[in-house]
Structures are given as C-alpha cells and as structure tokens.
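Okay, so here's the structure we're looking at.
The values are calculated or read from the model by the stated rules, or taken from the named source; none is laboratory data. Fair warning: this is a prediction, and the values are worked out from it, not measured in the lab. Note that each Cβ is placed from the backbone with ideal geometry, even for glycine, and that neighbours are counted across all protein chains shown. These accessible areas exclude ligands, DNA and RNA; they are computed on the full protein's heavy atoms, side chains included. Shrake-Rupley method; radii C 1.70, N 1.55, O 1.52, S 1.80 Å.
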Amino acid sequence: MSETATVPTAPLRARAEIDLGALRANVRALRARTPNAALMAVVKSDGYGHGALPCAREALAAGATWLGTATPEEALALRAAGLPGRILCWLWVPGGPWRQAIEADIDVSVSGMWALREAVAAAKGAGRHARVQLKADTGLGRNGCQPGDDWAELVREALRAEADGLVRVTGLWSHFACADEPGHPSVAAQLARFREMLAYAEEQGVRPEVRHIANSPATLTLPETHFDLVRPGIAMYGISPSPELGTPADFGLRPVMTLSASLALVKHVPGGHGVSYGHHYVTSGETTLGLIPVGYGDGIPRHASGTGPVLVDGKWRTVAGRVAMDQFVVDLGGDEPEVGSEALLFGPGDRGEPTAEDWAQACGTIAYEIVTRIGTRVPRVYVDASI
C-alpha cells in the first residue's frame, strides 16, 4: 500500500496530490447524513488509488469506526501497520489466509458453506472464535448467499458453530446493484429482500452487532437503508457515485485527488503534421504541441485518446491523438507555455481544471475507475495530514 509522507523537493514528472483535510471533511459530512448509524470507511484497492493506509488513518481520526477492504491481504496490511478497531474484508477464495485474519481480529465475510467451513477450521487451529459476517445476495448476483434453502443452511450452520464457541456472527449484510440510479425498482426490491433475510436470521437466533447494505449512493440519498452501519467508498474520496444523483458539492463533498504532470516539451509543427501512433490526429495548420509525460502505463485511459481534457497555461486542451504507454500530446494552438509548466489533468475544479468526472465522461466510464487506476509510478503526495 503506497504512502509518501512528504512533498519531494525535486520537480516531478507527475504527482497525485492527496488532500487529507478534504478526506476528513468528507467523512464528517457523511457522518452528518447518518446520525444513527456507524460509518465504515472503505479503503479497498489502495483506497481507490488514494493510498489505503493514510486515508484509513484520517478516516478514523474523522470519526469512522470501521474499515472495509475487499481482500484479506488488504485488511492484514492495515492491521500490520497498527491500525486499531474493526476491519471487515469480504472477497475470499478457498485456501485464503483465514487463520491470519482471525488472529488479527479481522471480521471475515462468508457467502456460502465452503467459506463458513474454512473459517471454522481456521478458528479451531487458532484456538479462538472467528468474527463472521453473513452476506446475503438480495439481487446483485455477485457475492452473497442466495435466499431460501441456501440462506437457511448458512444461518443454521453458523449458529451451530457459534454454539460450539468457534464463531461469533457479528454482522448480516448485502450490497445494492442500482442505488446510483434514482428510482430504480431493484432498490426497493433488494431492500425488501434484505429485511426478509434479516428477519429470518434473527428469528433463528442470530444477534448481529451490525446490519448493513448502504453503499455510497444509498448513504447519500436513501436514509431508510442505513440500518446500523453505512459503507461509503467513492463518496469518502469526494466523488459523486453518479452524476444523476448530484455533484460532489451538492452533497458537501470535495474531491481528494489532484493529478498533475510537468510539461515535458513544447515545439512548433507545421500544418498536416501527424501526432502519436496511427496519426489519428493531424494538425489543421501551423501550431504548437505540448508533451505530457504520462500514459496508460500510469493509468491514463487509452480510451481518452482524442477526448481527455487537460488544463495547460490556463486553458483546457484535449488529448491529441492516441494516449501512449508513457506520454500523450496536446495541441496548444500556438501558445508557448514554458517547459516544466504544470499540466492539470483533474482535481476539484477550483482552478478551472477538469474533474475526474470530466475524464469519465470523456472516456465513457465512471469516475471510480479514473482515480482508482492511477498507477504506482505516479507518486502520491499527501497534504494536510492530521496525524
């Protein structure tokens, strides 16, 4: 998990500045929307590209009481770094590090009998009970136990393991498919199914500490889904989970990552000059070209070829031609900024720069992908840390 503690003194080819003050403010804004529920800060995939460890620390400082990861390795790394409190991880495969997770006091999610059996076996080996959360598939169709006989068997066997002192069922949970689409009928259907599956488990004797289904969009717009715990992911990093729901500012959020690069070259070229692989862009007349030294090897989407926006010398420019592995070009239209000038790919928008959502629109994807895919070759520079 990446962490850069200080701002380097040498000029950088590129940098992703992470505003930890904005992250703390986002967590506080999310907590204000969920006064009756605890908050889990989801820091999977290296904190959506922002850095799991520093973001987790700041989220806890701002009032989060749980951390969430996809893989057990991500959870174990947080615990090894000394982070306290509750951590849930949910993406397991057979043979995973169940015992290590149990010994590290990590809550483990199970979606079926194979996983429960592995958790129980690991608990026996560790000589202590496993903290287990049962995940219900209420309609997303990914991870989670199917309703009906499968859910009944999982609940029954989990209670049996609990009676044997091998398991403590700490949670019941699920995940929405379409909470980012206002009014989608699946939201009400999933919520009803979740309530049914909760009621069954509790009737059988499960006494969970937390019941949870609310992701970022549900946290922001569906208070009836908050139950005991909410799990904001992308919203914590100041990005709206859906433009249809509102902008970050509409929810009192601020984007945390600003991606910039140093202009590597400015040169004059004649009209009719091909640019980058395949010559998909040809200059319409005499102009200047600027070289931005990042590419798809750094996580810049190749789908941004010909469409990605960049602020250079106070003006929006557009990727000219194809994004290559390490670089791309913008047509400066005759302007001549100094080599080394800042090229702002995206940020909060305060300086007129594009946002991650602008890049998502340009690429036909979602802003989640834009920030998460920024690779480890781009240093993370953390500002306004509280600890």
Rounded to a whole number, what % of the accessible area of segment 1-118 do carbon and sulfur atoms account for, probe 1.4 Å?
55 percent
Return the sequence-ordered ³J(HN,Hα) values of segment 230-238 in whole Hz as given by the Karplus equation 6.51 cos²θ - 1.76 cosθ + 1.60 applied to θ = phi - 60°, using x for Gly and Pro.
10, 10, x, x, 4, 4, 4, 8, x
Going 7 Å from the Cα of Glu196 in the Cα-to-Cβ direction, what parts of segment 122-160 have a backbone nitrogen less than 19 Å from that spot?
135-156
For segment 70-173: rounded, prolate or oblate by the Cα gyration tensor [a/c cutoff 1.5]
oblate
For segment 188-249, shape from the Cα gyration tensor axes a ≥ b ≥ c, cut at a/c of 1.5 then a/b versus b/c, turns out prolate
Cα-based shape type of segment 136-276, given that a ≥ b ≥ c are square roots of the gyration tensor eigenvalues and the cut on a/c is 1.5
prolate
Could you work out the relative contact order of the chain, using alpha carbon pairs under 8 angstrom and six or more residues apart, expressed as a whole percent?
19 percent
So how much slack lies between Asp149 and Met113, counting 0.36 nm per residue of separation and subtracting their Cα-Cα distance, in nm?
11.8 nm
Expressed in nm to one decimal, what extension gain is obtained for the pair Asp335 and Glu17 from 0.36 nm per residue of sequence separation less their Cα-Cα distance?
111.8 nm
For the chain, what is the charge dipole size about the Cα centre, in debye to the nearest 20, if Lys and Arg each add +1 at the Cβ and Asp and Glu each add -1 at the Cβ?
780 debye
Which residues' amide hydrogens lie under 5 Å from the amide hydrogen of Gly375, considering only partners 5 or more residues apart or on another chain, with H built in the peptide plane?
Gly299
Ignoring everything except DSSP H segments at least 4 long, calculate the 222 nm mean residue ellipticity for the chain; use -39,500 (n - 2.57) per segment, divide by total residues, nearest 500.
-8500 deg cm²/dmol
Would you grab the residues whose amide H sits under 5 Å from the one on Lys267? Only those 5+ places off in sequence or on another chain, please, with H modelled 1.01 Å from N.
Leu289
Rounded to the nearest 10 Å², the 1.4 Å probe accessible area of Met325 is 100 Å²
Diffing segment 74-89: the Karplus 3J(HN,Hα) column from phi (6.51, -1.76, 1.60, θ = phi - 60°), in whole Hz with x for Gly and Pro, holds 4, 5, 5, 5, 5, 5, 5, 7, x, 6, x, x, 8, 10, 10, 10
Compute the acute angle (0 to 90°) between the alpha-carbon long axis of helix 149-163 and the principal axis of greatest extent of the alpha-carbon atoms of the chain; round to the nearest 10°.
70 degrees
Under-5 Å amide H pairs with Phe328, H placed in peptide plane, nonlocal only:
Ile292, Val294
Per-pair calculated FRET efficiency, R0 = 51 Å: Ala163 and Tyr277 via Cβ, rounded to 0.05
0.20
Residue by residue through segment 335-346, what is 3J(HN,Hα) from phi via Karplus (6.51 cos²θ - 1.76 cosθ + 1.60, θ = phi - 60°)? Round to whole Hz and write x for glycine and proline.
5, 10, x, 5, 4, x, 4, 6, 10, 9, 7, 7
